[in-house]
Amino acid sequence: MPLRVAIVDDEPVVCKRLSQALAKEGYAVEAFVSARSFLEAMIEQPFDVVFSDMLLPDMNGLELLPKIKGLRPETEVIIVTGHGTISTAIEAMRDGAFHYLTKPVNFTEIRTLARHAQEKIAMRMENTRLREALLGSSGLSSIVGNSPAIQELFSLIRKVAPVDCNVLIQGDSGTGKALVALALHHLSPRRNQPFVTFNCGGFTEELISSELFGYEKGAFTGAATSRVGLLEAASGGTVFLDEVGEMPLSMQVRLLHVLQERRILRVGGTRPIDLDIRVIAATNRDLKTEVEKGTFREDLFFRLNVVSTTLPRLADRREDIPLLVRHFIEKYRLAFRKQVYDLDDQALAALMGYSFPGNVRELENIIERAVALTDSETITSADLPEDIRRLEFDTLEGDGLPTLAEMERRYVIKILEKTGYNKKLAAEVLGMPRTTLWRKLKEYGVE
């Protein structure tokens, strides 16, 4: 995306000449003759670089600088000053300005400073990406969200990870149970040891036994050599047992013995092998109900359920959808090497109104498909699956044909309902500043 550059100068001729010089370099340039008009635009859509005159009719550069940094600390500000105020410009640099220019303006210097500011911004973005990648190795940054439910989950992970106890993660399919297990491992003292995953569903008892416990040479037909099982291979680290609720009862007995004794016997073996493992189990079933039905052992449930957490459905944390969407767009933009950066308000509104029975995994699949299919830099509702495109807000319900103002009122209120009356998120979905949303709600008489 082109760098957004603002020119703030009370002389229209200066604004025009600087705008033309920077536009030729490929920057998206807007000019303003007052600090007030610039700040209003900055609130709606922030700028990356600002060239500001030191002396403006309604505010000087030293007063404008902290307001810009308050709105967006990453914005680089270049002060344009006369010779008589150079000392003031230097003071502005101490307060966070990127650089200063003296009048009369040299266009070569303008272009050079803009390029240097762009390089600084690119370096900062790269550092942020690398830092996030480093944090990603801890597992927490791969869990995207800012909702109260996710913040509570983060707090639990940080508390439990260093404690060497078993953890049970419950939640619907697609809610991110494996990511939570990985985060617990990477924040634990076992982080440098193996993290071994095994899905307990869909396998025969014999296969589960040989995979988990390993076997000795000649233990059964085809066992030409001895094989180390996953539990033994994970010694010192963490074992993640996914879909543990589907494990056969006979295997539950053997797993219980492992948890009690911390040792195993390979299939066909006679020598016990000591284990040093942490077990994290996950299931999309209600294990208490399974215990009552007799399909899951109560004693194993208590062994696994030392600490437990239930992950929220995506429909219960809709305020995280915009964050997740941007995360997945960035992920698949890089994977597919496509110039896709955002999605439009209509597409976001459609996603906000969808129930997501497949939770976060379904949202990821939707965005992956959209990034792969779109021919634009912005995903639109046309890039979404047909069943989501068919979703419509009931803004035309009722008798007669409503006015445009009434349709707007209904639409705004509908978005508020869909976002759980989160005004910040609703304003983002509606594509309007929060101040505009608050004004409209006041007009509508909505508390």
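The values are calculated or read from the model by the stated rules, or taken from the named source; none is laboratory data. Keep in mind the model is a prediction, meaning the values are calculated, not measured. Neighbour counts run over all protein chains shown; Cβ positions are idealised from the backbone, glycine included. We work out accessible area using only protein heavy atoms, side chains counted, and drop any ligands, DNA or RNA first. Shrake-Rupley method; radii C 1.70, N 1.55, O 1.52, S 1.80 Å.
Where does the chain land at 222 nm, in deg cm²/dmol rounded to the nearest 500, when only DSSP H runs of n ≥ 4 count, each adding -39500 (n - 2.57), divided by all residues?
On the way: 19 runs with 212 residues, N = 447.
Computed mean residue ellipticity for the chain: -14500 deg cm²/dmol.
Which angle from 0 to 90°, rounded to the nearest 10, does the C-alpha axis of helix 12-23 make with the longest principal axis of the chain?
Tilt relative to the chain: about 40 degrees.
Using a 7 Å offset from the Cα along the Cα-to-Cβ direction at both Arg271 and Asp58, what is the distance between the two label points in nm, to one decimal?
8.4
Using the basic label-point model (7 angstrom from Cα toward the beta carbon), what is the Arg326 to Thr221 distance in nanometres?
Output for this residue pair reads 6.0 nm.
About the Cα centre, and with charges only on the beta carbon of Lys, Arg (+1) and Asp, Glu (-1), how big is the dipole of the chain? Nearest 20 debye, please. Walk me through the intermediate numbers first.
Values: 56 positive and 63 negative charges, 247 e Å.
Dipole about the Cα centre, nearest 20: 1180 debye.
Within 13 Å, Cβ to Cβ, of Phe47, how many net charges do the neighbouring residues add up to if Lys/Arg are +1 and Asp/Glu are -1? Mind dumping the intermediate values first?
Numbers: positive: Arg4, Lys67, Lys69, Arg72; negative: Glu30, Glu40, Glu44, Asp48, Glu74, Glu76.
Local charge sum for Phe47: -2.
Taking R0 as 41 Å, what FRET efficiency do you get between Thr310 and Arg434 from their Cβ-Cβ distance, rounded to the nearest 0.05?
On the way: r = 33 Å, r/R0 = 0.80.
Calculated value: 0.80.
For Cα extents along the principal axes in Å, one of (1) 66, 49, 37; (2) 90, 62, 38; (3) 71, 50, 44 was computed from the structure I shared and the rest are decoys. Which label?
Computed from these coordinates, Cα extents along the principal axes in Å corresponds to label (2).
Going by a ≥ b ≥ c, the root eigenvalues of the Cα gyration tensor, does the range 229-382 fall in the rounded group (a/c under 1.5), the prolate group (a/b larger than b/c) or the oblate group?
Working: a/c = 3.74, a/b = 2.19, b/c = 1.71.
Verdict is prolate for the range 229-382.
Take the alpha carbon gyration tensor of the range 26-80, find the square roots of its eigenvalues, order them as a ≥ b ≥ c, and report rounded if a/c is under 1.5; if not, report prolate when a/b exceeds b/c, else oblate. Don't skip to the end; give the middle numbers.
Values: a/c = 1.36, a/b = 1.24, b/c = 1.10.
The shape class here is rounded.
Which shape class, rounded, prolate or oblate, goes with the range 1-120 when its Cα gyration tensor gives a ≥ b ≥ c as root eigenvalues, a/c under 1.5 marks rounded, and past that a/b bigger than b/c marks prolate? Intermediate results must be reported in sequence, preceding the final value.
Working: a/c = 1.22, a/b = 1.08, b/c = 1.13.
Here the range 1-120 falls in the rounded category.
In degrees between 0 and 90, to the nearest 10, how far off the longest principal axis of the chain does helix 148-160 point, with axes built from Cα atoms?
Roughly 50 degrees between the two axes.
Probe of 1.4 angstrom, ligands and nucleic acids ignored: what's the accessible area per residue over the chain, in square angstrom?
Values: 23060 Å² over 447 residues.
Here the residues of the chain average 52 Å² of exposed surface.
Quick one: how many Å² of Cys200 are accessible to a 1.4 Å probe, rounded to 10?
0
As a test, work out the antiparallel percent of DSSP beta bridges whose residues both lie in the chain, rounded to the nearest 5.
Values: 5 of 43 bridges.
Looking only at bridges with both residues in the chain, the antiparallel portion is about 10 percent.
What residues have an amide H closer than 5 Å to that of Phe32, excluding those fewer than 5 places away on the same chain, when H is modeled at 1.01 Å from N in the peptide plane?
For Phe32, whose amide H was placed from the backbone, the distant partners under 5 Å are Ile7, Val8, Asp9.
For Lys414, list the lysines whose Cα falls under 30 Å from its own Cα; do not include residues on the same chain fewer than 8 positions away.
Straight-distance partners of Lys414: Lys423, Lys424, Lys440, Lys442.
For Lys103, go through the lysines and keep the ones whose alpha-carbon is under 27 Å away, minus same-chain ones fewer than eight residues off.
Lys16, Lys24, Lys67, Lys69, Lys120
How about Lys293: which lysines have a C-alpha closer than 27 Å to its C-alpha, ignoring those fewer than 8 places off in the same chain?
Cross-link targets: Lys177.
Which value, in debye to the nearest 20, gives the size of the charge dipole of the range 241-399 about its Cα centre, when Lys and Arg are +1 and Asp and Glu are -1 at the Cβ? Show your work: numbers first, answer last.
Details: 23 positive and 30 negative charges, 275 e Å.
Magnitude of the dipole: close to 1320 debye.
To the nearest 10 degrees, how steep is helix 359-373 against the longest Cα principal axis of the chain, on a 0 to 90 scale?
60
Need the C-alpha centroid separation for the range 202-226 versus the range 273-321, integer Å.
Cα centroid of the range 202-226 versus Cα centroid of the range 273-321: 27 Å apart.
What is the calculated FRET efficiency for Glu206 to Glu298, with r their C-beta to C-beta distance and R₀ = 25 Å, to the nearest 0.05? All intermediate terms of the calculation are to be shown ahead of the outcome.
On the way: r = 25 Å, r/R0 = 1.02.
The value I calculate is 0.45.
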